[in-house]
1. So how many residues does the range 192-233 have that are more than 23 Å from Asn139 (Cα to Cα) and either more than 21 Å from the chain's Cα centre (by Cα) or exposed (fewer than 15 other Cβ atoms within 10 Å of the Cβ) (or both)?
2. Within the range 422-432, is even one residue touching a Phe, Trp or Tyr at 6+ places or on another chain (Cβ under 8 Å) and either within 27 Å of Ser525 (Cβ to Cβ) or not assigned by TED's automatic domain parsing to the domain that holds Ile26 (or both)?
3. Please find, among Asn446, Asn476, Asn417, the residue that is at pLDDT 95 or above and either surrounded by fewer than 17 Cβ atoms within 10 Å (Cβ to Cβ) or over 25 Å from Asn317 (Cβ atoms) (or both).
4. Among the candidates Asp236, Asp169, single out the residue that is modelled with pLDDT of 95 or more, acidic (Asp, Glu), on the phi > 0 side of the Ramachandran plot and buried (at least 19 other Cβ atoms within 10 Å of the Cβ).
5. Given Thr350, Thr346, which one is within 16 Å of the chain's Cα centre (by Cα) and not charged (D, E, K, R)?
6. Does Asp45 count as in contact (Cβ under 8 Å) with a residue 40 or more places away in the chain, of a type in the set (Asp, Glu), in contact with a Lys or Arg (Cβ under 9 Å, 6 or more places away or on another chain) and on the phi < 0 side of the Ramachandran plot?
7. Evaluate the range 212-229: report whether one residue or more is closer than 20 Å to Leu126 by Cβ, touching a residue at least 40 places away in the same chain (Cβ under 8 Å) and of a type in the set (Gly, Ala, Ser).
8. Test each condition in (1) in a helix (DSSP H, G or I); (2) crowded, with 21+ Cβ neighbours inside 10 Å for His88 and report the one that comes out false.
Amino acid sequence: MTLWWQKGIVYQVYPRSYADSNGDGIGDLPGIHAKLDYLQWLGIDAIWVSPVFPSPMADHGYDVANYVDIHPLFGTLADMDALIEAAHQRGIKIILDFVPNHTSNQHPWFLESRSSRTNPKRDWYLWADPKPDGSPPNNWLSVFGGPGWTWDPETQQYYCHAFLKEQPDLNWRNREVRAAMYGALQFWLDRGVDGFRVDVLWHLIKDGTYRDNPQNPDYVSGQTPYNSLLPVYSTDQPEVHEIVREMRALLDRYSERVLIGEVYLPIHRLVSYYGAAQDGAHLPFNFQLVTLPWSATQIAAAVSEYEGALPLNAWPNWVLGNHDQPRIASRVGLAQARVAALLLMTLRGTPTHYYGDEIGMRDGVITPEEAEDPQGKNVGLSRDPQRTPMQWSAGRGAGFTTGKPWLPVSMEHARCNVAVEQQDPDSMLGLYRRLIDLRRAEPALNAGSYTPVATQGEVLSYIREQDGRRFLIVLNLGHSSHLFSQRDAVGTVVVATDRAREGEPINQRVPLMGDDGLVVLLNGS
């Protein structure tokens, strides 16, 4: 039996940027609610909602001050309940973003922990004495720049933070912490949430003796300073898998709930997060299509490596972009973004789609005065460009807001928007709609087997098959024309980057222009 999260499509909404219902320039839950009919029309199966919990917004919601409520910027608990109910009525699941590695420094737990060394919640966070010279306990670094420790003058110890100093790390070795966090998960599960995307899952446990991280021998000047060390003692500790198993056991008490883990690790380490007995995350996020060069040979090798490394019965997944990474259309260009759409929707496994990619949104242009992202301000790697408001229409505010948007709307919104592209079957949105319709209709594409075909130059190809239905996918990841040859490539093009090719018969030799992509239903299927 194939479950909804295996054959379905996950669509990430960054709430601040999706739809603003009240004109304050910030997207909200009622705004998402108002767009459910669009998402149903598009054909997605689940919405992953980035954090909407109460927060001082030092990191735009990834610094949580209360795990069981909604920030007034986004609405109320009643708004969340209404969104869940309305989505379920349309056959759409709701996945919440859960941030367990750290809280806000304004969370009541941390305020208590910081109040004295003897406070019962002192051990809920990672506190340590300074070295004899007064420096931090070790050399761990913050992903957002600087040391991974901040001095607290009141209690004369350092606290650990993998990200901002406003995001102190929880002590997941403490059973009371685990119980409190699992209680928060249960709160949302009882309200009907269909699963969680767990932020920085591989960070949750740190080395118990706080050993120094070794120097990275491959570090190149100009990279983010965080990469100067190998985080072998501050991330991906063996004990983290016990926590993942406990989270999974909680979700398994409910019907068909999904646990998705954010895990930026090499494939051989990523796959361990499925659990030794498939008792870990259902979907540890696979970011290869985000991090690899856009090369047919490298992507073909990566797909095969991933397929070969998957534990028995583990389900694959693929990601083209998210709120932390430059948009696919900016990374590879608009023409190749169409090819990437075919790749994402036809590989074996669950695709996760970032809002706006379906219309070809590119990274916005953000001036220093408009910058919001703390990572950008601290280490110069801003995530603001990929978080600009969704482009719904050509009007002022791009249909996102009637007020001043929290980030500037792209100058391209007059031609690149939902309203325009819904009327144009040749648009990026038209292509995504046809792809999603085909994927939903064909078990071979949403659940079938994957067989690689030998790469030819910059042409990546593979076959998806189930119950006698066979599809050949041929993707030219280069800009030059190519004549693809395959003896059993006999059939009909059903979806193509160039819609004029749909319906075209194929007989062993497949002429491809640069940036061409085809889905071919093979004869005898």
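1. Initially, the range 192-233 is screened for residues more than 23 Å from Asn139 (Cα to Cα), giving 192-199.
Next, only the ones that are either more than 21 Å from the chain's Cα centre (by Cα) or exposed (fewer than 15 other Cβ atoms within 10 Å of the Cβ) (or both) stay: 192.
So the answer is 1.
2. no
3. Working: Asn446 fails: either surrounded by fewer than 17 Cβ atoms within 10 Å (Cβ to Cβ) or over 25 Å from Asn317 (Cβ atoms) (or both); Asn476 fails: either surrounded by fewer than 17 Cβ atoms within 10 Å (Cβ to Cβ) or over 25 Å from Asn317 (Cβ atoms) (or both).
None of the others qualify; the one that does is Asn417.
4. Asp236
5. Working: Thr346 fails: within 16 Å of the chain's Cα centre (by Cα).
From the options Thr350, Thr346, the qualifying one is Thr350.
6. Judged against the criteria, Asp45 is a match.
7. Within the range 212-229, none of the residues are closer than 20 Å to Leu126 by Cβ, touching a residue at least 40 places away in the same chain (Cβ under 8 Å) and of a type in the set (Gly, Ala, Ser).
8. Failing condition for His88: (2).
The values are calculated or read from the model by the stated rules, or taken from the named source; none is laboratory data. Since the model is a prediction, treat every value here as computed from it, not as a measurement. Positions of Cβ are generated from backbone atoms using ideal geometry, with glycine treated the same way; all protein chains shown enter the neighbour counts.
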